[in-house]
Amino acid sequence: MTALQILLVSVALAQRPAAPEETPGAPPAHYRDPRAAAETLTRLVTDQPDRAEWRWRLAMALVDAGKVLPDRQRPERDSIYARAVSAAWEAIRLAPDGAQGHFALAAALGRATLTRGIRDRIRDAEAIRTAALRALELDPGHDGAWHVLGRWHAEIMRLSGLERFIARRILGGGILGEASWDQAVRGLDQAVALRPDWIYHRLDLAEVLIKAGRPEAARPHLEAIAGLAPVDPLDPEYRATAAELLRKLRGGSREP
């Protein structure tokens with residue numbers, strides 16, 4: 001997987017935003033069955049088509065439902081992501097000043113663009129960044145949007161020479177010049193501070209700290225992951241990745 005693909009994947013893997021108090025009648029936000037949640041939310045959208053909350057919740061449930069599907073189910077997965085993008089846009093149309101809709105759009109676009117060509121993926125990367133920034137403008141305490149922004153900086157820094165050349169021609173040098181490891185760490189550190197119990201926040205921050213040459217700063221986050229409860233469909237994989245990274249930081253020891 002190229003750095004540009006990772007940039008887009010990371011947006012979708014960046015967890016759903018910290019949810020407000022559950023609304024009476026809303027489906028349970030249970031990470032183990034996103035498809036069931038999506039079905040319930042689809043009915044709610046039909047019953048209450050002018051309610052933005054159901055739209056962005058549907059978009060995030062669809063992102064979760066799609067990201068656990070293997071490559072052999074790519075047509076179904078692509079269809080699910082297309083639905084997620086549409087639901088997010090509808091949420092924004094109904095509530096343009098709602099941060100959740102803009103974050104849902106960033107997450108859904110990240111997944112929907114995975115099968116497109118490199119130029120389209122670069123353009124979508126800018127759209128994802130714009131959506132994340134808008135979410136933060138509306139809600140500076142949005143942990144998911146901080147995560148997306150941090151990953152954006154990290155993956156721009158990881159671009160190959162060819163990818164950077166293409167990105168510079170499409171996005172312009174100014175945007176690329178804004179990317180830095182310090183900004184990547186800042187965004188992900190904000191996400192962890194806002195929601196320290198989210199495994200993926202800590203894992204991504206640890207990976208960026210290691211890449212930025214600060215492995216000792218990454219260790220506490222990797223160690224903390226073992227004691228955190230799963231809240232995302234991919235948390236078992238994230239936990240395994242964290243354990244392997246920690247083992248390597250410990251010099252190859254297989255101690256827990």
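The values are calculated or read from the model by the stated rules, or taken from the named source; none is laboratory data. Note that the structure is a prediction, hence the values are computed from the model and not measured. Don't worry about glycine lacking a Cβ; one is built from the backbone with ideal geometry, like all the others, and counts go over all protein chains shown. Ligands, DNA and RNA are excluded from the accessible area calculation, which covers all protein heavy atoms including side chains. Shrake-Rupley method; radii C 1.70, N 1.55, O 1.52, S 1.80 Å.
Estimate the FRET efficiency between Glu178 and Glu237 by the formula 1/(1 + (r/R0)^6), using the beta-carbon distance for r and 25 Å for R0, to the nearest 0.05.
So the FRET efficiency works out to roughly 0.20.
Working with all protein chains in place, sort Trp54, Trp146 by solvent-accessible area computed with a 1.4 Å probe, largest first.
Trp146, Trp54
Quick one: order Val68, Val63, Val85 from most to least accessible surface, probe 1.4 Å.
Val68, Val85, Val63
Any idea of Thr46's accessible area? Nearest 10 Å², probe 1.4 Å.
Solvent-accessible area, nearest 10 Å²: 100 Å².
Solvent-accessible area of Glu244, probe 1.4 Å, all protein chains present, reported in Å² to the nearest ten, please.
70 Å²
Checking a compactness column here: for region 100-173, what do you get for Rg(Cα) / (2.2 N^0.38 Å), N being the number of residues? Before the final figure, lay out each step's value.
On the way: Rg = 12.4 Å, N = 74, 2.2 N^0.38 = 11.3 Å.
Expressed relative to 2.2 N^0.38 Å, the Cα Rg reads 1.10.
If I take the Cα coordinates of region 70-195 and project them onto the principal axes, what are the three extents in Å, biggest first?
Cα spread of region 70-195 along its principal axes, largest to smallest: 36, 36, 26 Å.
Subtracting the Cα-Cα distance from 0.36 nm times the residue separation, let me have the gained length for Glu216 to Ala193 in nm, one decimal.
6.5 nm
On the first, second and third principal axes, largest extent first, how far apart are the outermost C-alpha atoms of region 145-256 in Å?
46, 30, 23
Leaving ligands, DNA and RNA out of it, work out the accessible area of His142 with a 1.4 Å probe and give it in Å² to the nearest 10.
10 Å²
Where the centre of each part is set by its Cα atoms, how far does region 63-77 sit from region 147-218, in angstrom?
For region 63-77 versus region 147-218, the Cα centre distance is 25 Å.
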